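The values are calculated or read from the model by the stated rules, or taken from the named source; none is laboratory data. Here the structure is a predicted model, which means the values were calculated and not measured. Note that we place each Cβ from the backbone using ideal geometry, even for glycine, and neighbour counts take in every protein chain shown.
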Amino acid sequence: SIQRYKQLKWNQRRDFMNRFGWMLVKDRFWESYETNRLIEEFQKQDIEIQLVDPNTIDIFVNKDNKKSILVNGEESDLPKFVFPRTGSGTSYYIKAVIRHFERMDIPVINSSDAIDNVKDKLYTHQILAQSNLDIPKTMLLRYPIDIDFVEKNIGFPVIVKKISGSYGRGVFLCEDKKSLRQLVTMAELTKKSYDIILQEFIKDTWGKDLRVMVVNNKVVGCMMRQATDDDFRANITRGGEGFPYEVNEQIEWLSSESSKALNLDIAGVDLLFQNGGYKICEVNSNPGFEGMENYTKKNIAGEIVHL
Ligand code: ADP
């Protein structure tokens, strides 16, 4: 079964599986650092990996599975496993393609439901909260906004986030009622209603956070990210820096439990600092690891391939 397959390391599957998989990567990322590193590590393990842009796949829903997938209009041998690297960019079309492999019992790592669990930040928090894992107090913005209700239930300053988004671009800090009203009015002017979450501002973490790489529910790397300007966001893509960070029991526990709750085989878990402890900020299903490899000198691609 898929579950059993996943429990085995890629390199132990040699005996009963052809070692041939598809890595689903949109073509504009074919030359990315992560794509190159993963291919390199697959090759070291003697695993044949083929890059496939999921948007060039056609699927046919019929009884004869063998001919149900075309790549660039051509029939092709089916892979023994599929490795989607589309993360929050997983459109409905790509998800349908991934589910098609799942229906054919081809192991998919991460699975479509796991990718879905982290595509929507509110949904991620709902699952984490249900598992009793520590997250900042979070609510979904209802229109028209009731500022006093926000003040009473979350307080100021407040963090405002787009439901999906990355690189810290859709994350804002509103100091007071007035600036929250301005931001929401501006958003409303652009579009009648945006999907926005409001979140408790964790002030201890200002300009710093942790990125924890989890593979198969085990921590394989951890770094602290720090803004180099006076911004509250620590994203490296915004110009932050990374430092290796020692994993303690609480980091190990929180990160692996989040990854388990979300059913992820590979996860990038972001933690915020609070009161000497941590809160979960967000979880990625397709984590980049260029910064992590550079700053920690760990072979993250190798860990992923050894899953
Ligand atoms: P993105 O997915 O765009 O990176 P995040 O939700 O990870 O968005 O937020 C970006 C950064 O903003 C985080 O890395 C962290 O530094 C900061 N941040 C996010 N949420 C909070 C919060 N509730 N309190 C304080 N800082 C936060």
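Looking at region 236-248, can you tell me whether even one residue there is over 14 Å from the mean Cα position of the chain (by Cα), within 9 Å of the ligand (Cβ to nearest atom) and over 30 Å from Val82 (Cβ atoms)? Within region 236-248, one or more residues are over 14 Å from the mean Cα position of the chain (by Cα), within 9 Å of the ligand (Cβ to nearest atom) and over 30 Å from Val82 (Cβ atoms). In this structure, does Phe172 turn out to be in a loop (DSSP other than H, G, I, E, B), within 16 Å of the ligand (Cβ to nearest atom) and hydrophobic (A, V, I, L, M, F, W, C)? Judged against the criteria, Phe172 is not a match. Do the conditions hold for Asn117, that is, is it in contact with a Ser or Thr (Cβ under 8 Å, 6 or more places away or on another chain), surrounded by 15 or more Cβ atoms within 10 Å (Cβ to Cβ) and not small (Gly, Ala, Ser)? Criteria met by Asn117. Contact map, region 120-144: first residue of a type in the set (A, V, I, L, M), second residue surrounded by fewer than 16 Cβ atoms within 10 Å (Cβ to Cβ) and in a strand (DSSP E or B), Cβ cut-off under 9 Å, separation 6 or more or different chains; pairs are Leu122/Leu140. Of everything in region 38-73, what is of a type in the set (A, V, I, L, M) and either assigned to a strand (DSSP E or B) or touching a residue at least 60 places away in the same chain (Cβ under 8 Å) (or both)? Give them in sequence order. The answer is Leu38, Ile47, Ile49, Leu51, Val52, Ile57, Ile59, Ile69, Leu70, Val71. Only one of the numbered conditions (1) surrounded by 15 or more Cβ atoms within 10 Å (Cβ to Cβ); (2) of a type in the set (Phe, Trp, Tyr); (3) outside any strand (DSSP E or B) is not met by Tyr167, and that is (1).
Output the residue which, of all residues in region 268-301 that are within 9 Å of the ligand (Cβ to nearest atom) and either at pLDDT below 95 or within 15 Å of the chain's Cα centre (by Cα) (or both), is nearest to Met224 (Cα to Cα). Within region 268-301, the match that is nearest to Met224 (Cα to Cα) is Asp270.
Among the residues of region 192-238, those identified as touching a Leu at 6+ places or on another chain (Cβ under 8 Å) and part of a loop (DSSP other than H, G, I, E, B) are Tyr194, Asp195, Phe201, Ile202, Asn216, Phe232.
Only a single criterion out of (1) under 16 Å from Leu38 (Cβ atoms); (2) within 12 Å of the ligand (Cβ to nearest atom) is not satisfied by Ile304, namely (2). Count of region 20-37 residues, restricted to those that are among the charged types (D, E, K, R), more than 15 Å from Ile94 (Cα to Cα) and in contact (Cβ under 8 Å) with a residue 24 or more places away in the chain, is 2.
Considering each residue of region 248-256 in turn, at least one proves to be within 19 Å of Asp204 (Cβ to Cβ) and either touching a helix residue (DSSP H, G or I) at 6+ places or on another chain (Cβ under 6 Å) or outside any helix (DSSP H, G or I) (or both).
Return yes when Lys208 is within 14 Å of the ligand (Cβ to nearest atom) and modelled with pLDDT of 95 or more and no when it is not. Yes, satisfied.
Residues in region 211-233 that are within 28 Å of Leu307 (Cα to Cα), within 12 Å of the ligand (Cβ to nearest atom) and free of Cβ contacts under 8 Å to residues at least 40 places away in the same chain: Met224 alone.
Considering Asp134, Asp120, Asp146, Asp105, which residue is acidic (Asp, Glu) and modelled with pLDDT of 95 or more?
Working: Asp120 fails: modelled with pLDDT of 95 or more; Asp146 fails: modelled with pLDDT of 95 or more; Asp105 fails: modelled with pLDDT of 95 or more.
The unique qualifying residue is Asp134.
Residue pairs whose Cβ atoms lie under 7 Å apart, separated by 6 or more positions or on different chains, with the first residue in region 243-255 and farther than 17 Å from Gln226 by Cα and the second in a loop (DSSP other than H, G, I, E, B) and of a type outside the set (D, E, K, R), are Leu254/Leu133. Filtering region 74-111 to residues that are part of a helix (DSSP H, G or I) and either β-branched (Val, Ile, Thr) or buried (at least 22 other Cβ atoms within 10 Å of the Cβ) (or both) leaves Ile94, Val97, Ile98, Phe101.
Within region 166-197, the set of residues being touching a strand residue (DSSP E or B) at 6+ places or on another chain (Cβ under 7 Å) and under 14 Å from Glu282 (Cα atoms) comprises Gly170, Val171, Ile197.
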